[in-house]
Amino acid sequence: MMNSNLVGLRIETFDDVRKHFQIARNEGFAFIGIDLFPVLHLCPQSPHDVDEMLPLVRSGDVYPKKDCDSKDIRVSCISEHCLRKELSWAVHLALPAIEVPLRHDNNVKLAQLLTAFIKSEVASIKIWISVPMYTEGDVGQDASSPWHWWSQLVGLAGPAACESLGLLLEVPTDLPEEDVVSRWLSEPVSCLALSTHLFITNSKGFPILSRAHQHVLRQFLKINSQVLIMGPSHHERGPSIYRQYISWIWKCTVEAKSLYEKHSMGFEDQLQEPLQPLQDNLSSATYGVFEMDPYKYKAYEEAICLALVHRCTSRKVVESYQSPLPEVDSKGDSSVKQAMLYPVYSKVVSLDISTNIVIYILGAGQGPFVDASLQASRRSGCPVRVYVIEKNSNALLTLKHRMQTDWSGEDVHLVPGDMRCLSIPPPEKADIFVSELLGSFGDNELSPECLDGAQYLLKGESLRYDGISIPASYTSYVAPLQSLRIYIDTSRCMENLKFQERIQRHSETPYVIRLSNCQILAAPEEAFTFKHPRKGGPLSPVGYQDIDTTPNARYCRLTFVPRGDGVVHGFAGYFEAVLYDKITLSTHPQRHSPNMFSWFPMVFPLVSAMPVKAGQRITFHLWRCISPRHVWYEWATTEPTVSKIHNSAGSAYKIGL
């Protein structure tokens with residue numbers, strides 16, 4: 001969000017509406033809020049007046065006791081009639097948004113009216129549902145809490161109508177517990193309503209928010225919520241002083257973003273189909289984005305360095321010290337120290353280095369792992385011979401150029417082809433495999449199939465492979481996810497019955513998503529683990545077509561217990577990889593590698609949203625299925641409700657081998 005679109009002002013007086021509009025605009029406010037009642041009697045002189053003066057109106061004052069769900073039938077009927085007129089007038093004025101208040105737990109008739117209006121109107125208008133963050137005595141799990149009011153409205157409206165709904169969330173003086181705030185962060189909060197009485201005066205006489213309110217505001221600014229200032233100004237400089245303060249908070253929030261947040265700007269909550277680098281050739285731009293990740297390549301260099309030391313035989317003495325793996329700060333400075341220490345060998349004594357250690361780079365891309373291997377060789381004192389294997393014909397051109405320039409004096413050899421079935425394998429087998437075939441869910445870019453297929457190139461025979469694989473293992477994790485925005489996006493075609501294939505594909509495809517406007521309802525649980533080199537039956541030395549892939553098929557049954565009431569819209573997937581020894585990469589939300597941005601979480605969406613209560617069990621089933629030419633996932637829930645098996649037989653999404 002741009003700073004210029006951030007803050008709006010509620011206008012409470014109507015003696016000279018145009019004058020107040022002009023004042024608000026001159027003081028830098030992006031939009032204004034005004035009751036619809038006076039606007040009904042204010043005929044705009046031109047479309048320019050509408051664009052400049054009526055960005056947001058509030059429904060309610062035509063009939064002050066308006067309640068579509070009132071038990072008094074007369075009140076209910078009059079309320080519905082008035083609301084329809086107000087909505088129609090707002091559309092006529094081409095307003096971008098209209099505010100409709102929500103004040104109790106029964107909103108069935110209101111939901112019916114709003115849904116019918118949204119589906120019948122050609123013109124686009126956003127309906128901001130104003131609701132308090134919590135009510136007095138609300139502990140967050142009470143079925144009559146404001147979030148439950150909103151949840152009922154959303155459930156009745158359905159995902160298609162919810163595209164036109166947003167929240168105007170009223171922030172209270174006494175903030176609720178963190179779990180209540182976190183739940184609202186998974187909803188489409190278009191705007192925060194901040195009353196001027198929330199502000200306190202600092203030592204210099206300026207209005208500021210308490211630290212707790214600042215923290216809440218920053219959280220919602222991160223999901224692009226706007227701010228509406230309400231109430232009379234308590235400062236001589238007028239309401240503009242509040243706008244300036246909110247803009248300053250926004251600026252500080254942007255400047256404090258981590259490297260991960262900066263590199264993922266613009267991708268928040270956007271659906272992206274997972275890459276299939278085995279089936280498709282990646283572009284130079286895609287490689288370039290991944291190569292900007294400083295943490296990943298430093299971690300790989302450390303792992304290769306340590307593996308080289310361990311691989312050198314007849315080691316007598318190794319003098320070592322504990323050195324931190326640098327964490328790159330948000331400005332790219334690698335001097336910031338990380339808490340966890342990794343063993344790095346500064347001096348190697350009496351190593352048998354009569355022969356070079358053979359390293360295979362499997363899927364070299366544009367060569368960053370070649371650089372990491374050569375640097376690790378220099379650091380460890382272990383000479384290496386590097387074979388660079390790549391199937392992407394376009395990336396091979398870049399690698400050939402680097403062979404003639406960057407690596408011209410190094411013992412580096414280029415081997416074109418698919419690692420699983422090289423037509424002319426290198427003359428010697430590998431001591432160390434180095435690969436980065438990991439996807440957002442660990443195995444979803446077919447690292448198991450690729451590394452198992454390439455295992456004939458590793459030193460050792462049949463059941464005994466004594467070579468080293470980097471990564472050595474990786475484990476996927478799953479957690480229940482609440483995100484109305486993601487649910488709306490994945491359900492966008494659900495109601496168009498003419499396009500069954502599109503319906504299925506949208507709602508049963510795993511996506512890679514930079515999660516932002518969401519809540520994780522329970523801690524992630526372990527799903528699948530793969531280890532390399534694979535122990536067990538022999539692999540075919542002639543290619544991947546004859547490999548027994550059955551061991552890479554998987555099934556897991558996971559149980560979660562949510563901390564609070566919520567709605568499960570899907571399941572988020574993460575992974576952790578052990579590169580070598582204690583050197584790891586992780587996207588696990590509780591152990592995320594610092595500032596690593598190469599991977600966003602994977603999401604397995606649900607066709608139907610699943611409400612859950614605090615302490616109620618969620619049981620999730622996940623399959624990793626394999627055919628001779630494809631790999632795919634299937635998933636379902638059996639508690640608290642039974643869902644269909646999503647993506648059955650890979651009908652919506654498959655990964656090509």
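No value in this document is a laboratory result; all are computed from the given coordinates. Here the structure is a predicted model, which means the values were calculated and not measured. Reconstructed Cβ throughout: ideal geometry from the backbone, glycine too, with neighbour counts over all protein chains shown.
Starting from the Cα-Cα distance between Ser393 and His104, subtract it from 0.36 nm times their residue separation and give me the gain in nm to one decimal.
Working: separation 289, 0.36 × 289 = 104.04 nm, distance 6.25 nm.
Answer, rounded to one decimal: 97.8 nm.
Is there a pair in Lys19/Lys66; Lys257/Lys531; Lys429/Lys654; Lys126/Lys222; Lys531/Lys644; Lys391/Lys582 whose C-alpha atoms are over 25 Å apart, and which pairs would that be?
Lys19/Lys66; Lys257/Lys531; Lys429/Lys654; Lys531/Lys644; Lys391/Lys582
Summary of the geometry: region 180-198 and region 272-306, compared by the centres of their Cα atoms, lie 37 Å apart.
Taken along the Cα-to-beta-carbon direction at a fixed 7 Å, the label points for Cys556 and Lys531 span 1.6 nm. Give the calculated FRET efficiency between Trp248 and Val289 to the nearest 0.05, with a Förster radius of 41 Å applied to their Cβ-Cβ distance. In this case the efficiency is close to 0.80. Legend: ranking of residues Asp371, Asp16, Asp431 from fewest to most surrounding C-beta atoms inside 10 Å; resulting order Asp16, Asp371, Asp431. With a Förster radius of 30 Å applied to the C-beta separation of Thr619 and Thr135, the computed FRET efficiency comes to 0.35. When Cys625, Cys162, Cys305 are sorted by how many other C-beta atoms sit within 10 angstrom of their C-beta, beginning with the fewest, the order is Cys625, Cys162, Cys305.
What FRET efficiency comes out for Lys644 versus Ile424 if R0 is 60 angstrom and r is the Cβ-Cβ distance? Round to the nearest 0.05.
Numbers: r = 48 Å, r/R0 = 0.80.
My answer for the efficiency is 0.80.
Calculate the length of the line joining the C-alpha centroid of region 199-241 to that of region 72-107, in whole Å. Cα centres, region 199-241 to region 72-107: 30 Å.
Label reach from Thr355 (point 7 Å along Cα→C-beta): in region 368-405, amide nitrogens under 20 Å belong to 377, 381-388. Using Cα positions and a limit of under 23 Å, work out the lysines in reach of Lys71, with same-chain residues fewer than 8 apart set aside. In chain and number order, the partners are Lys85, Lys109.
Proximity of backbone amide H atoms, modeled 1.01 Å from N, is registered between Tyr474 and Phe530, Val578 at under 5 Å, excluding neighbours fewer than 5 places apart on the same chain. The label-point distance for Arg218 and Asn202, in a model that sets each label 7 Å from Cα toward Cβ, rounds to 1.4 nm.
Let me know the charge dipole size of region 474-656 about its Cα centre in debye, to the nearest 20, where only the beta-carbon of Lys, Arg (+1) and Asp, Glu (-1) is charged. It would help to have the intermediate numbers written out before the result.
Details: 20 positive and 13 negative charges, 15 e Å.
Once rounded to the nearest 20, the dipole reads 80 debye.
Spacing of the modelled spin labels on Asp280 and Gln112, each 7 Å from Cα toward Cβ, amounts to 4.6 nm.
So how do His532, His215, His310 line up by other beta-carbon neighbours within 10 Å, fewest first?
Details: His532 24, His215 13, His310 17.
Ranking His532, His215, His310 by Cβ neighbours within 10 Å, fewest first, gives His215, His310, His532.
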